[in-house]
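This report refers to the structure that appears directly beneath it.
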Amino acid sequence: MGLTEKSGFFPDYYLNLKNSNLSSFDKEIEKIAECHNDVERMAFVDQLTFVKERDDDLRVRREYNGKDSAIAADLKEKGNSAFKAKKWLEAMMLYTKSYVAVPQEKAIDKAIALANRSATLYHMKKYDESLIDIKRSMELGYPKDLLYKLYERQARCYMAKMNYPCTIAAFKKCITALDDSNLPSDKRGKMNLDAMTMIKMLERDNRTAKQAEKQKKMGEVKLSLALPAEKEFISSTVRFDQNREEGRFARANADIKVGEEILVEKPFVAVLLEKYAKTHCENCFSRTAIPVACPKCADVIYCSEECQTHASKTYHKYECGILPLIWRSGASINCHMALRIFASKSVDYFLKIKDDVNKQFTIQEIQKLPKDDFHRISHLVRHEDTRTSSNFFQHALMARFLTKCLQESGYFEEKASQRNILDISGLLLYTLQLLQYNTHEVAELHKYQSDGNEKTIFIGGALYPNLALFNHSCDPGIVRFFRGNTIHVNTIRPIEAGLPISENYGPMYTQESREERQSKLKDLYCFDCSCDACLENWPTFENLPTDVIRFRCDAPNTCTSIIEVPATCNDFMVKCVTCGECTNIFKGLKVMQDTEMMTRTAKRLYDTGEYSKALNKYIDLLKIMYEVLAPPFPDFCQCQQSLKDCFLHFGNFYNLD
């Protein structure tokens, strides 16, 4: 859970509790071990005298500090100054801040801020974005006497996009809107004449008729920058198995080729880090330059009306005004995710399932459950039996805090019984435990234009019920990348039918020694890794031998042994010590020679931004290498890493100056 991951009042609250009862703290906390379930644990913590005495330290209040008419007006004036100086990007950002700061009841001020932003977007040649802001501004009630400006700008945007039917329609609306304007008659007449001239010119153009017919077939032009809906997908080559040693895990149901997409999954729950709350959509995690604001708070933004509506109808109505407190508390992303799981469903929903939360389902039954069913995640590992009393106590304190947040936000009915509140806090404790071992970081690839360097940035956390079933390997067979907060999983090496499909929980054999990896995995995930890299103690990348080549035995008896041959060997036929058959290593040496040229070509394609072509080239390279050579060896590691880098470019990506 990471109570001390960063500074905040919650770690201080825990230390104050401990210090206030230092003489008997450990003895009191040990009694939590006598509790049989999470509800009992919460009840035990609730009745502790030293906890009740410091309840005022966790007083929860909603905060709405970002909405302010004076601040919004000041930002708008600064935006106007930047606009006059033709500093379009600066003006756009200032207008955005002004729009977000406008209080809910000031709809006209919001409309003006969006209209101003649409003007900067037009000058930046961001025509789609400008059209969206024009539409938003009109819907908010932009002043009637100024509407002609928006219609004229709308027409110019459509013209730049060569959408002539929409251009004509917008110019006609501009002419009508001029009747309500306060323009002097000469200026109004000139604008009217200019618009009429454009309409006549476009109506005579044959291209306009063709565009009109095309538009009629396509239907209404949709103005939205929301991420396109992605269909969730589990490849038929993947099956989930279970045994005592490995628990539940993914296995290849058939041979899987390198580069295959085997999973596309939306999160059960996902939460942005505070740092990205003003640059990314709270709901789908897409980066947005023209956000939709929450009407009540200035803490989050959305990429579209669709995302804002979804959030406001579910979790955000309970998080609105609470987020500053969550962030200030120092709680980890997992804690926020636990809160959102409950904020997304009603109290009644959880009270109905509380007694069968531990119900055992088969993997097949779990796959058939609705996507938002809590049982989709309730079976995930929690390591309840190995937790210390101190660990349970810390998690219980966080569950109490999150319950108080829900109470303050109106999640519970006014007359909700203490028993119902206790049941929800017990389920929160349960959820915090499973999130600790099953959360994935959501990433965005940043490319720095100044030096061409690329870096993967952690922007939030999410829980993926299917991916959570994949076991760990220090030599994983897959790569993950994200579009918004939807995860895509592709293979980075061939995987034979029947073999596990493993992902990576952090430690990689190429970067850390076996001792370091084993220690981290034991500490963070409570297991001893038995992947090939650990069993055979593969060296890190910098220590991989370059004077030994690892060939696969190609005997007709399907021997799976590896033949290690010194680079100085002059023999082409080498005997396998396992099966006694000879392998012709000339083929392998020829492969190594051929792949050098392919590698240079792939790198050139990558460096010039042709990532799709580079990806296909790296896939071909890995196929060829894997047929005759066996990892680990440097060329294979580098090729795998390059393949991963290519895939990352098809996900969340951001260019920095």
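Dipole size of the stretch 493-603 about its Cα centre, with +1 on Lys/Arg Cβ and -1 on Asp/Glu Cβ: approximately 300 debye, rounded to the nearest 20.
Surface composition of the stretch 299-409: carbon plus sulfur atoms contribute 50% of the solvent-accessible area (1.4 Å probe, protein chains only, all chains present).
Taking 30 Å as the cut-off for C-alpha to C-alpha distance, list the pairs among 76/275; 18/266; 106/275; 313/415; 87/447 that go past it. Pairs exceeding 30 Å: 18/266.
In order along the stretch 67-79, the Karplus-derived 3J(HN,Hα) couplings, from 6.51 cos²θ - 1.76 cosθ + 1.60 at θ = phi - 60°, round to 8, 7, 4, 5, 5, 4, 5, 4, 5, 5, 5, 5, x Hz, and Gly and Pro are given as x.
3J(HN,Hα) along the stretch 513-529: 5, 4, 4, 5, 5, 4, 5, 5, 5, 5, 6, 8, 10, 6, 8, 9, 6 Hz, from the Karplus curve 6.51 cos²θ - 1.76 cosθ + 1.60 with θ = phi - 60°, whole Hz, x for Gly and Pro.
So what's the net charge close to residue 339: Lys and Arg +1, Asp and Glu -1, counting the other residues with Cβ under 15 Å from its Cβ? Show your work: numbers first, answer last.
Working: positive: 62, 317, 328, 340, 345, 400, 404; negative: 274, 282, 299, 319, 408.
Result for the local shell: +2.
Expressed as a whole percent, the accessible surface of the stretch 125-177 that belongs to carbon and sulfur atoms is 52, based on a 1.4 Å probe.
Using Cα pairs under 8 angstrom and six or more residues apart, how large is the relative contact order of the stretch 245-351, in percent?
On the way: 93 pairs, mean separation 22.9, N = 107.
Once divided by the residue count of the stretch 245-351, the mean separation gives 21 percent.
The residues neighbouring residue 442, those whose beta-carbon lies less than 11 Å from its own, together hold a net charge of 0 under the Lys/Arg +1, Asp/Glu -1 convention.
Taking amide H as placed 1.01 Å from N in the peptide plane, residue 238 has its amide H under 5 Å from the amide H of 253, each at least 5 places away in sequence or on another chain.
For the listed peptides 590-598, 109-117, 456-464, 174-182, a ranking on the average number of other beta carbons within 10 Å per residue, highest first, reads 109-117, 456-464, 174-182, 590-598. Taking every C-alpha pair closer than 8 Å and separated by at least 6 residues, the mean separation divided by the residue count of the stretch 1-95 gives a relative contact order of 17 percent. Using a 1.4 angstrom probe on heavy atoms only, work out the carbon and sulfur share of the accessible area of the stretch 525-600 in %. Its accessible area is 53 percent carbon and sulfur atoms. Partner aspartates and glutamates whose Cα lies under 16 Å from the Cα of residue 590, excluding those fewer than 8 positions away in the same chain, are identified as 554, 571, 620, 627, 635.
Solvent-accessible area of residue 327, all protein chains in place: 40 Å² (probe radius 1.4 Å, heavy atoms, ligands and nucleic acids excluded).
Here the scattering of the stretch 93-137 is modelled by Debye summation over its C-alpha atoms, one equal scatterer each and no solvent; at q = 0.22, 0.24, 0.30 Å⁻¹ the log10 of I(q)/I(0) is -0.64, -0.75, -1.03.
Per residue, what accessible area does the stretch 14-133 have, given a 1.4 Å probe and all protein chains present, in Å²?
The answer is 55 Å² per residue.
Entry note, the chain: relative contact order of 14 percent, from Cα contacts under 8 Å with a spacing of 6+ residues.
Matching the structure-derived Cα extents along the principal axes in Å against the labelled list (i) 119, 59, 41; (ii) 99, 73, 44; (iii) 88, 59, 51 gives the label (ii). Per-residue SASA remark: residue 607, around 100 Å² accessible (1.4 Å probe; ligands, DNA and RNA not included). Computed from backbone phi with θ = phi - 60° and the Karplus coefficients 6.51, -1.76 and 1.60, the 3J(HN,Hα) list for the stretch 291-301 is x, 9, 9, 5, x, 9, 10, 10, 8, 9, 9 Hz; x is used for glycine and proline. For the stretch 22-133, a simple Cβ point-charge model (Lys and Arg +1, Asp and Glu -1, everything else neutral) yields a dipole of about 1120 debye relative to the Cα centre. Neighbours of residue 433 by Cβ distance under 12 Å: Lys/Arg scored +1, Asp/Glu scored -1, total 0. Taking every protein chain into account, the accessible area of the stretch 383-458 amounts to 42 square angstrom per residue (probe 1.4 Å). Here the stretch 118-185 is treated with +1 on each Lys and Arg Cβ and -1 on each Asp and Glu Cβ, and its dipole about the Cα centre works out to around 220 debye. Accessible surface for the stretch 568-634, divided over its residues, is 59 Å² per residue with a 1.4 Å probe. Considering the options 651, 485, 159, tell which one lies farthest towards the positive end of the dipole of the chain, charges being +1 on Lys and Arg and -1 on Asp and Glu at the Cβ, about the Cα centre. Result: 159. Quick note on the stretch 1-155: its Rg to Rh ratio, both from C-alpha atoms and Rh being the Kirkwood radius, is 1.33.
The values are calculated or read from the model by the stated rules, or taken from the named source; none is laboratory data. Here the structure is a predicted model, which is why all the values come from computation and not from measurement. Using ideal geometry, Cβ is built from the backbone for each residue, glycine included, and neighbour counts are taken over all protein chains shown. When the accessible area is computed, the model is the full protein with side chains, heavy atoms only, and any ligands, DNA or RNA have been set aside. Shrake-Rupley method; radii C 1.70, N 1.55, O 1.52, S 1.80 Å.
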